[in-house]
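Reading through the structure tokens given below for one structure.
Throughout, read-outs are computed from the coordinates displayed, never taken from laboratory work. Note that the structure is a prediction, hence the values are computed from the model and not measured. FYI the Cβ positions are ideal-geometry reconstructions off the backbone, even for glycines, and counts take in every protein chain you see.
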Amino acid sequence: MIATLRARIVGSGVDLILSVAVALVALLIALLFVVVSGVSIPRGASAFVTGAFGSKLTIAGTLSKMVPLTLVALGWIVAFKAGRFHIGFPGQILVGALFVSVLALKVSLPIGIHLPLTVLAGVAGGAAFAGIAAWLWARHGVNEVLSTLLLNLVAAQLLAWWVRGPFHDSSSPSPLTPPLPSSARWPELLTHTPLHWDIVLVPVVTALVWLLLSRTPFGFRTRLVGAGEEIAWHAGISPTRVGMKAIVLSGALAGLAGSSLVLAAVAPAMAENVGATAGSSNYGFTGIAVALLARNSPLGVLPAALLFAALEQGGSVMEGTVGISSSLVDFIQGLMIVLVLAATTLLYFARRRAHSHRRGPQGSRRTAMAQTEISA
Amino acid sequence: MSHVALAAIGIGPFDTDWLSAVLVLTTPLLLAGVGELISERAGVLNVGIEGFMLAGAFCSFFVAWKAHSLALGLLAGAGGGLLFAAVMAVLSVELRADQIVAGVGINLAVAGLTGYVFVEIFGNLPQVVLPSAGALRIPGLARIPDFGPALFDHNWTVYFAFLLVPICSFLLFRTKWGMAIRSVGELPIASDTVGISVRKVRWMSVLACGALTGFAGANLAVVQVGAFEQEMTAGRGFLALVAVIFGRWRPLGVLGACIALGGTEALELRLAAHHNVAAAVWGAATVIAAALAVYWVLRTRRGKSHGRSATVAALVAVAGVALTVVEPRVHLPNQFWISLPYLVALAVLAGAVTRGRMPDKLTQNYARGEG
């Protein structure tokens, strides 16, 4: 008991060191680029820190960006723990946003009822859209990566049509919906900043997902299926059913992210590019990077999301202050994914070598990443 | 009414200009699609293909601008794709990291890197536009009235892309290399047993995919547009992925899928001008459905397929004939036509026949002794 506890603490300590090391290496590389751009390191670093945390406005910007990053990362983790990899977050965010716009614009209620209902609509939208991929996977054996890839493209077209056709604001020439009523929008937490009350979702949903995965029968079944479908099957658990539920729940979290992106946005009207970041990327993809940096631990998502949000916010401010393209942030985020993957596998190889004299080779076809996950 | 007006100024949905546009728009998809096909046949799903393409586009543009040479630019484009394919190969083949996550990471990194470097180098310059790439008129054929100039008066990369399909088909199904590639994607442990190096074959396939995809990006930047913009591939890499699924992992299928996707793209602008769906579009849909029905009926005869898909396609064809004749006054939004290929690809993916065609070990990394 104590031995396993110690092993777990040591294990998560190694994970923590790995994540911190990856983040540091990526940031050092970023500094290198800053120098190449002809900006001195102190000037670049201070421009970044001021851009992310320098004032009430920028801190609010950073925190508000944490919301979609955290929720998408948690969505990835839920599916990942069940052994399901899908990349449908951008599409689920969009469909969540679409459902949100229906309830926000077609129903009028007092804020106490309207806002929660609208948020729930977003959750339902994301879940329903993920449900298509889950159903195709469970009933027709369609690889969920391929199906969500296609569904992302469909969702983008769906929303492009939505804001030009049925929900177009006829008084505006641009493809926008009419402004959503304030009864459906998250109230501002700090006035005149991008920070809205939806920030409370970050700790609450993180805690819920952590509880769900580590303290409930569903979480146990999910982790068992993720560890090995055959074992789970012999234990009387249906990997298909658990996998479906995990994909749908994952989509629900992405839909929640979509609802926040619409209902806590600075502009009251909804455009077609919900989920697009300030750079050229999408929260639906950067959220995956957050989850990886957090080593798929729900609690680890908080610091990882804060780092990514600060990068987003600081990077976009830096573009104005010292003239470094905010694309650098996308590069650093992608680099972190690549580094985490590489470091994880190298760690796995090292661990296996250390254990190989005690245990034999482990027969499993799963990826190295999943294997460290099981042993951790 | 509007249909008549448009016909009067000569913009029908289908004409020789459209045909010419289809060839041009299909080219990058086809180059990338064939590359992805090779890689997927070897069991590596390259979601990072969008990134390879963007890297190819940037490298080709930069070199073509610096060296004043389109040929060097095209070469550099292939090199750019190759570089990031090597990253993908290290991650997926050597480190056995998850292929999908690796691809997502590469896409993000390349989008950021090209955007950053582009702003650093060209941010303060006036917009650079490269001289347009020359066309290679095929003697004789290009003189055919109407169709000749539309089909046989293009840059050489266009012909190259279409020639690549039979070459790839020959390579995959008639050579030892192709056998090795396919076996590694189906049952790597067996390939390993007979002395084929799974590592080497997968490395080669991923690199081939990178080079072809980079070349596709180069075609887009240097030949088609003559300039570079941030994110200029705009999802074309993902479309190539769709084409491979749609084409059921076969060279000819990929060709058909790429033409369908390129054709829709070319049709898009023309259809936006119409208020109603033109009879010609219903007619074209009918012809495609009828062709599919005939194809499936023939396959059913040979006992290779179930009759259900043929029945469905036949019903669609009948409905198409009805719609062509009646020409109802409905306006289907542009976005519907764009997403139609994706929906069809989803349906194709859900079909049992397709799943049988998917390389068995797609996305699964191979480790010796853990097979």
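Per residue, what volume in Å³ does the Cα convex hull of region B:86-215 take up?
Details: hull volume 21.0 nm³, N = 130.
That works out to 162 Å³ per residue.
Each residue of region A:178-189 was assigned a 3J(HN,Hα) from its phi angle through the Karplus curve 6.51 cos²θ - 1.76 cosθ + 1.60 (θ = phi - 60°); the sequence is x, x, 6, x, 5, 5, 9, 9, 5, x, 5, 8 Hz, with glycine and proline shown as x. Listed by chain and number, the lysines placed with their C-alpha closer than 29 angstrom to that of A:K106 are A:K65; residues fewer than eight positions away on the same chain are left out.
Here the sum of -39500 (n - 2.57) over DSSP H runs of 4 or more residues, divided by the residues of chain B, equals -23000 deg cm²/dmol at 222 nm, to the nearest 500.
Classify region A:21-143 as rounded, prolate or oblate, taking a ≥ b ≥ c as the square roots of the eigenvalues of its Cα gyration tensor: rounded when a/c is under 1.5, otherwise prolate if a/b is larger than b/c and oblate if not. The partial results should precede the final answer.
Values: a/c = 3.44, a/b = 1.53, b/c = 2.25.
Taking the square roots of the gyration eigenvalues as a ≥ b ≥ c, region A:21-143 is oblate.
With a/c under 1.5 counting as rounded, go ahead and sort the protein assembly as shown into rounded, prolate or oblate using the C-alpha gyration tensor (a ≥ b ≥ c being the square roots of the eigenvalues; past the cut-off, prolate if a/b is larger than b/c, else oblate). Rounded, because the longest to shortest axis ratio a/c is under 1.5. For A:K81, a cut-off of 17 angstrom between C-alpha atoms picks up these aspartates and glutamates, skipping any fewer than 8 places away in its own chain: A:D15, A:E144, A:E229, A:E230, A:E373, B:D98. Hydrophobic long helices, here whole DSSP H runs in chain A with Kyte-Doolittle means of at least 0.5 and Cα atoms spread over 27 Å or more along the helix axis, are found at A:2-36, A:56-81, A:111-140, A:239-263, A:301-321, A:327-355. Percent of Cα pairs in region A:90-196 per distance bin of 10 Å, from zero to the largest separation: 15, 35, 33, 14, 3, 0. Among the GluC sites (Glu not before Pro) in region B:34-86, none is located in a DSSP loop while being surrounded by at most 14 other Cβ atoms within 10 Å of its own Cβ. Farthest toward the dipole's positive end in region A:1-126, which of A:S12, A:G122, A:F53, given Cβ charges of +1 (Lys, Arg) and -1 (Asp, Glu) about the Cα centre? Comparing the listed Cα positions along the dipole, A:S12 ranks first.
How would you classify chain B from its alpha-carbon gyration tensor, with a ≥ b ≥ c the square roots of the eigenvalues: rounded for a/c under 1.5, else prolate if a/b is greater than b/c, otherwise oblate? Oblate, because a/c is 1.5 or more while a/b does not exceed b/c.
Each of B:V128 and B:L315 was given a label point 7 Å from its Cα along the Cα-to-Cβ line. The distance between the two points is 5.6 nm.
Treating r as the C-beta distance of A:F218 and A:L31 and R0 as 41 Å, the FRET efficiency rounds to 0.40.
How about B:K200: which lysines have a C-alpha closer than 23 Å to its C-alpha, ignoring those fewer than 8 places off in the same chain? List returned: B:K176, B:K361.
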